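Q: Shown below is the structure under consideration.
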Amino acid sequence: MSDDDDEYELPATVAASEAEIISMARALTAPQALDVWGLLAGSRAMPAKIGPTCAELVGDALDQLWPALWRRDGARPGTSIRAGKVVRGRGWERNTIAPLEFSPFTLALLRWLVEMPLATPGAVDKLSTRPMTIGDQVVAYLALDVATETPAQFTIARSSQVAHAPLAWLGFAHLLPGDPPEDPKAWDALVTGTGAVVVDALQQDLAKRWRTVELGKRALSDPDELVKLGRGQDLTLTRFMDACTRAGRRDLAGFVLDAMLPLLARDVAPFPNDLDRTKPLSVRMAARNAAGALLRGMAKWCEWDRAHRGVRFLDDDYEASQLLLMRFEKSARHGADILVPAWLAQLASLAPPSGSGSATIEVSKEPP
Amino acid sequence: MSRAIQVRVSESVVRTVHVEDGVQSPLELLPVLAPERMAELLAKELEAQGFKRDGKLAKRKDPDGVEITVDLEAATVSVKLGADSRLSEQVELETRAAVEGQAQAETRLRDAAIDELEQRLAAKTEALRRGVTDKLEKKLADLRGELDASIGRATVAALTERAEQLGKIEEIASDEAGNVTIKVKL
């Protein structure tokens with residue numbers, strides 16, 4: 001045998017079930033490169049454990065999460081607030097990046113995604129492990145994301161414990177069952193340390209999601225569905241924005257502004273004009289009020305803006321306040337101060353005017 | 001050899017049902033004066049519209065049964081309409097069964113009759129509720145206009161009072177669009 005033969009490295013060999021777990025992990029960061037639907041819809045018996053080669057390759061795939069987050073607009077030069085000061089640059093320049101940590105939830109979720117036939121919700125066992133770390137939350141978020149526009153997304157939202165991840169609520173409040181986590185510490189983890197960097201990188205992604213849901217409200221006809229959706233959104237935004245204030249990171253709630261900006265610019269209010277008229281008026285009224293969840297988030301920004309205007313040059317958080325004033329300026333130019341309370345008042349009105357705000361809007365367009 | 005018999009069951013029910021629908025909405029009252037004074041001025045306007053003052057509430061029950069309650073402190077209005085109805089239904093079902101299975105057939109038939117009665121009552125109750133909802137919905141547009149007018153007059157009264165606090169009122173002019181101009185000599 002020659003020396004060359006000795007140096008030849010055999011390709012890593014894993015079991016077929018392990019190969020699918022690795023593919024699922026890779027699909028989280030590069031869904032376009034793999035048959036995600038095939039992985040989600042199919043089912044496969046899973047061995048109790050995975051081998052070291054599989055563990056290593058899953059680890060390699062998860063190492064790609066940060067680059068995947070930067071690709072979601074985190075790479076664009078921007079500004080963040082750190083310790084009351086404004087930091088400029090790309091995502092990795094203005095933040096201290098630490099490796100994402102994962103609990104057993106991540107592997108359990110990947111196994112569950114491969115094991116269960118997610119296209120048939122009735123045949124799916126619930127996952128019992130809960131997300132514990134920011135890394136887990138990112139995986140939960142991306143799992144919901146890769147299943148977008150497939151029936152599997154609903155099954156993942158309902159049966160995989162992702163509803164315990166505040167980050168999943170931030171992106172998918174319209175899908176998740178029950179209420180978002182109540183513990184303020186769970187939300188604080190999203191606005192401090194690594195969690196804050198993740199949310200910072202997802203700003204545009206979150207804005208697009210919220211805007212899409214906002215536009216969808218206008219076509220909803222089931223008031224009960226709208227009430228549930230509005231409650232989830234209201235609690236998510238309230239708890240997240242309170243956490244932002246506690247951490248001095250109101251810039252992380254900037255996606256609310258980005259989501260609303262095109263709607264304000266085109267005067268598109270989230271009025272649900274097609275609510276089922278056979279339902280009681282009390283239920284329809286509750287649904288109309290619930291439709292204003294994002295508007296209430298925007299109203300909170302208006303309130304913040306008034307406070308930021310009062311911060312003087314000599315005050316500690318003057319620099320951060322100036323950044324936040326600039327952030328709100330575009331919304332103010334489009335009449336946020338007037339339109340938001342007026343729309344909220346119309347939603348709560350005794351006899352709402354019908355047919356208002358009937359313009360259409362491109363969901364995929366960037367905010368102006 | 002068993003004999004086949006015809007089993008017939010008749011069930012009837014008479015039930016009094018109450019259905020109700022209602023909404024609550026905030027009132028847009030400008031804070032021209034202190035909240036307590038604004039509430040007083042609104043209460044005065046509402047009393048002129050037939051409302052009865054009951055502490056922090058102003059209430060009115062219209063001839064069509066619509067109950068309107070204005071919470072002056074919280075600045076909200078609640079509107080509700082209820083209806084009572086005595087519903088009666090009767091169901092008669094029959095089937096053929098072997099004589100030995102008469103008791104079981106009768107039990108099954110009775111259960112089916114009760115289910116049928118419940119479904120019919122639920123449908124009638126729902127129809128009654130929809131009637132109440134329709135009636136209430138038609139009323140709301142007028143009521144909104146009436147309340148807006150009362151709030152507008154209360155606001156003008158508040159502005160006048162505020163102007164008096166600032167100086168001597170020289171002229172109060174109003175146009176058809178509802179705009180009011182108060183000239184004050186300081």
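Q: Specify which of the listed residues (A:Leu170, A:Leu144, A:Leu127, A:Leu176) is modelled with pLDDT of 95 or more, crowded, with 18+ Cβ neighbours inside 10 Å and assigned to a loop (DSSP other than H, G, I, E, B).
A: From the options A:Leu170, A:Leu144, A:Leu127, A:Leu176, the qualifying one is A:Leu176.
Q: Considering (1) in the same structural domain as A:Pro151 (by TED's automatic domain parsing); (2) more than 22 Å from A:Gln153 (Cα to Cα); (3) among the acidic types (Asp, Glu), say which one A:Asp242 fails and leave the rest.
A: (1)
Q: So, one more: Could you look through the stretch A:46-75, keep only residues that are free of Cβ contacts under 8 Å to residues at least 40 places away in the same chain and in a loop (DSSP other than H, G, I, E, B), and pick out the one that is surrounded by the fewest Cβ atoms within 10 Å (Cβ to Cβ)?
A: A:Ala48
Q: Residues of the stretch B:128-160 being within 16 Å of the chain's Cα centre (by Cα) and either away from every other protein chain (no Cβ under 14 Å) or among the small types (Gly, Ala, Ser) (or both), which ones? Steps first, please.
A: Looking only at the stretch B:128-160, we keep the residues that are within 16 Å of the chain's Cα centre (by Cα), and these are B:128-144, B:147.
B:Gly131, B:Ala141, listed by residue number.
Q: It is to be established whether one or more residues within the stretch A:275-291 are at pLDDT 95 or above and within 17 Å of the chain's Cα centre (by Cα).
A: no
Q: Hey, another quick one. Applying the selection to the stretch A:232-276, what residues are among the small types (Gly, Ala, Ser) and under 20 Å from A:Arg327 (Cα atoms)?
A: Hits for the stretch A:232-276 are A:Ala243, A:Ala247, A:Gly248, A:Ala253, A:Gly254, A:Ala259, A:Ala265.
Q: Separate question: Give A:Ala290, A:Ala342, A:Ala253, A:Ala269 a once-over and let me know the one that is over 30 Å from B:Val77 (Cβ atoms) and aliphatic (A, V, I, L, M).
A: A:Ala253
Q: Please go through the stretch A:290-316 and pick out each residue that is out of contact with any helix residue (DSSP H, G or I) (no Cβ under 6 Å at 6 or more places or on another chain) and within 25 Å of A:Asp224 (Cα to Cα).
A: Selection gives A:Arg296 alone.
Q: Restricted to the stretch B:110-131, and to residues that are closer than 30 Å to A:Arg277 by Cβ and among the basic types (Lys, Arg), which residue is surrounded by the most Cβ atoms within 10 Å (Cβ to Cβ)?
A: So the residue we want is B:Arg129.
Q: Still on this structure, please answer the following. Checking the structure you have, find out if any residue of the stretch A:339-350 is modelled with pLDDT of 90 or more and more than 14 Å from chain B (Cβ to nearest Cβ).
A: Within the stretch A:339-350 (the criterion being modelled with pLDDT of 90 or more and more than 14 Å from chain B (Cβ to nearest Cβ)), the answer is yes, since at least one residue qualifies.
Q: Right, next: Report those helices (runs of 4 or more DSSP H) wholly inside the stretch A:190-304 carrying at least 2 residues which are away from every other protein chain (no Cβ under 14 Å), touching a residue at least 40 places away in the same chain (Cβ under 8 Å) and more than 24 Å from A:Ser349 (Cβ to Cβ).
A: A:193-201, A:203-217, A:223-247, A:254-265
Q: Does the stretch A:8-19 include one or more residues that are among the aromatic types (Phe, Trp, Tyr) and under 22 Å from A:Ala152 (Cα atoms)?
A: Start the filter on the stretch A:8-19 by keeping residues that are among the aromatic types (Phe, Trp, Tyr), which leaves A:8.
Subset that is under 22 Å from A:Ala152 (Cα atoms): none.
Taking every residue of the stretch A:8-19 in turn, none turns out to be among the aromatic types (Phe, Trp, Tyr) and under 22 Å from A:Ala152 (Cα atoms).
Q: Only one residue in A:Asp251, A:Asp305, A:Asp267, A:Asp315 is touching a Leu at 6+ places or on another chain (Cβ under 9 Å) and surrounded by fewer than 16 Cβ atoms within 10 Å (Cβ to Cβ). Which one?
A: Result: A:Asp267 is the single residue among A:Asp251, A:Asp305, A:Asp267, A:Asp315 that is touching a Leu at 6+ places or on another chain (Cβ under 9 Å) and surrounded by fewer than 16 Cβ atoms within 10 Å (Cβ to Cβ).
Q: May I ask you to list pairs of residues, at least six apart or on different chains, whose Cβ atoms are under 7 Å apart, with the first in the stretch A:105-123 being in the same structural domain as A:Ala27 (by TED's automatic domain parsing) and in contact (Cβ under 8 Å) with a residue 60 or more places away in the chain and the second being acidic (Asp, Glu) and part of a helix (DSSP H, G or I)?
A: Pairs that qualify, where the first residue is in the same structural domain as A:Ala27 (by TED's automatic domain parsing) and in contact (Cβ under 8 Å) with a residue 60 or more places away in the chain and the partner is acidic (Asp, Glu) and part of a helix (DSSP H, G or I), are A:Val114/A:Glu20.
Q: Among the residues of the stretch B:1-32, which ones are free of Cβ contacts under 8 Å to residues at least 24 places away in the same chain and either within 9 Å of chain A (Cβ to nearest Cβ) or within 26 Å of B:Ala105 (Cβ to Cβ) (or both)?
A: B:Met1
Q: Right, something else. Filter the stretch B:1-39 down to residues that are loosely packed, with under 14 Cβ neighbours inside 10 Å and in contact with a Ser or Thr (Cβ under 6 Å, 6 or more places away or on another chain), then give me how many there are.
A: Matching residues across the stretch B:1-39 total 2.
Q: Out of all the residues in the stretch B:170-179, which are within 25 Å of B:Ala149 (Cβ to Cβ) and loosely packed, with under 14 Cβ neighbours inside 10 Å?
A: The first filter runs over the stretch B:170-179 and keeps only residues within 25 Å of B:Ala149 (Cβ to Cβ), leaving B:171-179.
B:Glu171, B:Ala173, B:Ser174, B:Asp175, B:Glu176, B:Ala177, B:Gly178, B:Asn179 - these are the residues of the stretch B:170-179 that are within 25 Å of B:Ala149 (Cβ to Cβ) and loosely packed, with under 14 Cβ neighbours inside 10 Å.
The values are calculated or read from the model by the stated rules, or taken from the named source; none is laboratory data. The structure presented is a predicted model; accordingly, all values stated were derived computationally and were not measured. Here Cβ is always computed from backbone atoms with ideal geometry, including for glycine, and neighbour counts include all displayed protein chains.
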